[in-house]
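**Student:** Let me begin by handing over the structure; questions about it come next.
The values are calculated or read from the model by the stated rules, or taken from the named source; none is laboratory data. Quick caveat, the model's predicted, so the values are computed rather than measured. Cβ coordinates were reconstructed from backbone atoms using ideal geometry, including for glycine residues, and neighbour counts include every protein chain displayed.
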Amino acid sequence: MTHTTRSSTPSRRFIHPIALAAILLSATGMPAPAGEIQTSNPILFVTQVPIPGDFITIGSVFGNHRGDMAPTGRGGDLWIRYPDGTLRNLTQAAGYGVSGFQGAGAIAVREPCVHWDGQRAVFSMVVGGATQQYDYSEFYWQIYEITGLGPSDTPIITRVSSQPAASNNVSPVYGTDDAIIFTSDRPRDGSAHLYPQLDEYEEAPTTTGLWRLHPTEGLTLLNHAPSGDFSPIVDSFGRVIFTQWDHLQRDQQADSDALTPPGNPLPYGTFNWTSEAADSVPLFGNRTEVFPEPRAARQDLLAGTNLNGHSFNHFFIWQMNEDGSDLEILNHLGRHELHGYIPAAFNDDPNIIDFYGQLPRFNTQPIINMLQPKEDPAVGGRFFAIDAPEFQTHSCGQIVRIDAPPTLDADHISITYVTHRDTSQPDDTPGPNHSGLYRDPLMLSNGMLIASHTPETRADANTGGRPNPGSRYDLRLKSVGPLGNGYWGALAPLTPAINKTLSYWDPDVLVSYSGPLWQWQAVEVRPRPRPQRRVTPLPSVEAQVFAEAGVGVAALQDYLVANELALIVSRNVTTRDDFDLQQPFNLRVAGGGAQTVGAPGAIYDVESLQIVQGDQIRGLSYNNQPRPGRRVLAQYLHDENALAANLPATPGEPPATVRVAADGSLAAFVPAGRALSWQLLDPSGTPVVRERNWLSFGAGEIRVCTSCHGLSQYDQAGQLPPANPPLALRELLDYWQQQNGMVTGDMNCDGEANVLDINAFVLALIDPTGYAAMFPTCNILNGDIDGDGQTNVLDINPFVALLIGG
């Protein structure tokens, strides 16, 4: 069909006022056209030279973080729209950017975030461009802060200090303490030879997770994301909200290589490195993987098993605290609440079935992805986001809404389609309900919803060529409101077209462009209440176990931080969510103990939890020459500190396992700052239930999950989450004390707490240095009887009570 552009296109007989306003664009500002929409506050937004290709380019769903010339271009700016519609080019007013040829002074801009006080903002900017053909200089997105946002102010832009210089640092937001939280492609531990991390899908460069930069505390990795994190915000409850790419599956490129007929060239040259170490060696031809189960394409590996094959790929909203703790999908949501189809893992148990919408659930409007989340300023926990395909549309799709305040469980959360479902996909022959494609939805404080919108319904394509590219998409900021079909859609534009004529080396070809720039990533400039910093307390059940074991929580956390570890605890892994029928749910502890049965049929014994860690050891090669970058592969836990701290394995047990206690509980020390996953094993070492996501934990974190594979509200037997004091935690704490000389009250380190410890206890109180000299192998925190992390006068009465009780 012939596509009709928006009705504001100028005719031959006169120049439309919006087009005239575009012509009158001054060096730093643009007057408001007559009849311009009034807003309560200014709006910051970004202009971007159109890049019609949509594979790991600036607008792509993934791989959009690179500062190179070809995927990003040059010539965009940071703009502000004042309430009367007047526009101002802030970067140009601050002395950044060039006109015409985009060389050494060129810039591109992305993702502004306004400070709590409404007076400043952070954003990412790449400065510099290729100055000649075949100039392959490295360019990185860096974080900048801008002040002077008022109409008569002089904008001042300053690079944020102490950020990683040789990394792409994007999507910055302010934390509640003014630390900057952002995504970056900096390697997880800073090792340059691991750069870049490659995603689990296309083995294309990706971000490594969320990072935190504090002026005095420095740089911290908050979570390790093997396929990348995107678009963080801090919501009104203090939660860090962001989109994570969840793609925990085996390597499809390696599968393609393995299935290539002998004698034919391998399409990817996948192989394993011996380790993550700088001196690791490539093992060409070795593509060994251990977790999760094979993909359906590998029928050679699935033959003779009861496995259907596993694929996993979506972008969901996640949450965590500002220190990286308490990481999970928003409100413990998952596929079972959001997707329309979930395949069964096993093919020989009638209780384990596919889900295709045949069972009733609270959410009746499924989605695939949730991109670019933004919170409604008037309704805490209400988020607008985009459900868009991975390719073809520059992350443009359907506007959706989800209400997820912290107190609402996943079983009572639903999706609302704001725009019609037809807008979630491109369409060459759209129906009447397809109102175009949307991205970057933003609810303003006055109740107006705005978004970047194109009326184009088709997938984007280059309407020119590499030297003279053109895009089908004319992304403009528009208000969004009710249409006549029961859904919302684009209404009036908030801005005129902003045009530029420019050129740049990509760097092989001179690219020339003249026309409208894309407008996106709008944020409102206004003061916001600063949320309280969110802290997740240790549940009372586990706190009581610590107290009974005589272990101070703070003392253990100090040990965890010093050894870059976290502690994970589950109360009863035989309990599983009542809506998850895709993996076994009739579970019991092997050898007798806890069991949870939700239906007649097979009951699966579980004996241990096997932990895997994400190692960057998968490489690509050409003619046996490794290419830059590595993909994360799941490997059995081998972190030395974690293995040394956990209970010793029984000879003959599978590697990297911890025993499930009789009450169904488990506890384990795990490495911090690294992606982890796990699976429950039966007594023969066969996996029964596999975790489907990567998780990571902060150093010092004690993470409690009532069930290893999660309850939203009820388990398969209709029971609420378990509340038993986990036996496995007590066993691990007792072992930890023995290994670390941590017998509570044992101040002379003779292995017992008795009257012989009185003098040493007194010495520790009055002269800690003298105590350390007299008892060099003792831990002074043995005297921390009240568990506050210190040995001081507050421990005197508890110490006396301990001796009397003993």
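**Student:** Take segment 266-280 and flag every residue that is surrounded by 14 or more Cβ atoms within 10 Å (Cβ to Cβ) and free of Cβ contacts under 8 Å to residues at least 24 places away in the same chain.
**Tutor:** Hit for segment 266-280 is Leu266, nothing else.
**Student:** Take the conditions in a strand (DSSP E or B), outside the structural domain of Leu330 (by TED's automatic domain parsing) and without any contact (Cβ under 8 Å) to a residue 60 or more places away in the chain and apply them to Leu283. Does it pass?
**Tutor:** In short, yes.
**Student:** Now, a different point. Give me a count of the residues in segment 141-189 that are in a strand (DSSP E or B), of a type outside the set (A, V, I, L, M, F, W, C) and either out of contact with any Lys or Arg (no Cβ under 8 Å at 6 or more places or on another chain) or over 20 Å from Pro527 (Cβ atoms) (or both).
**Tutor:** So the count comes out to 10.
**Student:** Considering each residue of segment 452-481, count those that are assigned to a strand (DSSP E or B) and closer than 22 Å to Gln425 by Cβ, and give that number.
**Tutor:** 8
**Student:** Limited to segment 235-258, what total is found for residues that are part of a strand (DSSP E or B) and farther than 22 Å from Asn693 by Cβ?
**Tutor:** 0
**Student:** Let me ask something else about it. Assess whether Asn446 counts as being under 29 Å from Asp508 (Cβ atoms), out of contact with any helix residue (DSSP H, G or I) (no Cβ under 9 Å at 6 or more places or on another chain) and in the same structural domain as Gln48 (by TED's automatic domain parsing).
**Tutor:** So Asn446 does not fit the description; no.
**Student:** Would you call Gly334 in contact (Cβ under 8 Å) with a residue 24 or more places away in the chain and under 16 Å from the mean Cα position of the chain (by Cα)?
**Tutor:** So Gly334 passes the test.
**Student:** List the strands (runs of 3 or more DSSP E) inside segment 69-140, counting only whole elements, that have at least 3 residues being surrounded by fewer than 23 Cβ atoms within 10 Å (Cβ to Cβ), touching a strand residue (DSSP E or B) at 6+ places or on another chain (Cβ under 9 Å) and of a type in the set (D, E, K, R).
**Tutor:** Output list is empty.
**Student:** Can you tell me which of (1) on the phi > 0 side of the Ramachandran plot; (2) over 22 Å from the mean Cα position of the chain (by Cα) is the one Leu307 doesn't meet?
**Tutor:** Among (1) on the phi > 0 side of the Ramachandran plot; (2) over 22 Å from the mean Cα position of the chain (by Cα), Leu307 violates only (1).
**Student:** OK, next. What about Ala773, is it surrounded by 17 or more Cβ atoms within 10 Å (Cβ to Cβ) and either of a type in the set (A, V, I, L, M) or modelled with pLDDT under 90 (or both)?
**Tutor:** The answer is no for Ala773.
**Student:** Within segment 513-535, track down each residue that is under 21 Å from the mean Cα position of the chain (by Cα) and of a type in the set (S, T, N, Q).
**Tutor:** Gln521
**Student:** Then there's this: Among the residues of segment 146-197, which ones are among the β-branched types (Val, Ile, Thr) and more than 16 Å from the chain's Cα centre (by Cα)?
**Tutor:** If the condition is that a residue be among the β-branched types (Val, Ile, Thr) and more than 16 Å from the chain's Cα centre (by Cα), then Ile146, Thr147, Thr154, Ile156, Ile157, Thr158, Val160, Thr176 are the ones that fit.
**Student:** Would you mind stating whether Gly470 is surrounded by fewer than 21 Cβ atoms within 10 Å (Cβ to Cβ) and either touching a strand residue (DSSP E or B) at 6+ places or on another chain (Cβ under 7 Å) or among the aliphatic types (A, V, I, L, M) (or both)?
**Tutor:** yes
**Student:** Turning to a different aspect of this structure: Determine which single condition Pro496 fails, assuming it passes every other condition in (1) touching a Pro at 6+ places or on another chain (Cβ under 8 Å); (2) more than 27 Å from Ile611 (Cα to Cα); (3) not in a loop (DSSP other than H, G, I, E, B).
**Tutor:** The failed condition is (3).
**Student:** Check segment 588-603 and report whether any residue there is under 31 Å from the mean Cα position of the chain (by Cα) and at pLDDT 95 or above.
**Tutor:** The answer is no, given that none of the residues of segment 588-603 is under 31 Å from the mean Cα position of the chain (by Cα) and at pLDDT 95 or above.
**Student:** Now for a separate question. For segment 545-581, enumerate the residues that are part of a loop (DSSP other than H, G, I, E, B) and buried (at least 20 other Cβ atoms within 10 Å of the Cβ).
**Tutor:** Gly550, Val551, Gly552, Arg571, Asn572, Val573, Thr574, Thr575, Phe579, Asp580, Leu581
**Student:** Looking only at segment 691-747, count every residue that is under 22 Å from Leu802 (Cα atoms) and part of a loop (DSSP other than H, G, I, E, B) and tell me the total.
**Tutor:** Matching residues across segment 691-747 total 8.
**Student:** On to the next question. Could you say which residue among Phe383, Phe362 is outside the structural domain of Ala602 (by TED's automatic domain parsing), touching a His at 6+ places or on another chain (Cβ under 7 Å) and not hydroxyl-bearing (Ser, Thr, Tyr)?
**Tutor:** Criteria check complete, one pass: Phe362.
**Student:** What pairs come out if I take residues in segment 652-668 that are in the same structural domain as Ala723 (by TED's automatic domain parsing) and of a type in the set (Ser, Thr, Tyr) and pair them with residues that are crowded, with 24+ Cβ neighbours inside 10 Å and not in a strand (DSSP E or B) whose C-beta lies under 8 Å away, six or more apart or interchain?
**Tutor:** Note: pairs meeting the criteria are Ser665/Arg571; Ser665/Asn572; Ser665/Val573; Ser665/Pro726; Ser665/Ala728; Ser665/Leu729.
**Student:** On to the next question. Residues Tyr513, Tyr473, Tyr504, Tyr487: which one is in contact (Cβ under 8 Å) with a residue 40 or more places away in the chain and either within 26 Å of Trp116 (Cβ to Cβ) or in contact with a Gly (Cβ under 6 Å, 6 or more places away or on another chain) (or both)?
**Tutor:** Tyr504
**Student:** Is it the case that segment 326-341 has a residue that's over 30 Å from Glu701 (Cβ atoms) and assigned by TED's automatic domain parsing to the domain that holds Ser414?
**Tutor:** Checked segment 326-341: at least one residue is over 30 Å from Glu701 (Cβ atoms) and assigned by TED's automatic domain parsing to the domain that holds Ser414.
**Student:** Within the bounds of segment 413-434, is there any residue that is more than 16 Å from Gln521 (Cα to Cα), within 22 Å of the chain's Cα centre (by Cα) and in a strand (DSSP E or B)?
**Tutor:** Yes, because at least one residue in segment 413-434 is more than 16 Å from Gln521 (Cα to Cα), within 22 Å of the chain's Cα centre (by Cα) and in a strand (DSSP E or B).
Residue-by-condition table, conditions (1) over 22 Å from Asn168 (Cα atoms); (2) of a type outside the set (A, V, I, L, M); (3) in the same structural domain as Lys374 (by TED's automatic domain parsing):
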| residue | (1), (2), (3) |
| --- | --- |
| Phe101 | yes, yes, yes |
| Ala104 | no, no, yes |
| Glu111 | no, yes, yes |
| Trp116 | yes, yes, yes |
| Val122 | no, no, yes |
| Gly128 | no, yes, yes |
| Trp141 | no, yes, yes |
| Asp153 | yes, yes, yes |
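**Student:** Just the residues that are closer than 13 Å to Arg188 by Cβ and of a type in the set (A, V, I, L, M, F, W, C), please, taken from segment 669-698.
**Tutor:** Ala672, Ala675, Leu676, Trp694 - these are the residues of segment 669-698 that are closer than 13 Å to Arg188 by Cβ and of a type in the set (A, V, I, L, M, F, W, C).
**Student:** Given the residues Leu711, Leu794, Leu720, which is the only one that is in the same structural domain as Ala594 (by TED's automatic domain parsing), out of contact with any helix residue (DSSP H, G or I) (no Cβ under 6 Å at 6 or more places or on another chain), surrounded by fewer than 19 Cβ atoms within 10 Å (Cβ to Cβ) and over 23 Å from Ala672 (Cβ atoms)?
**Tutor:** Leu720
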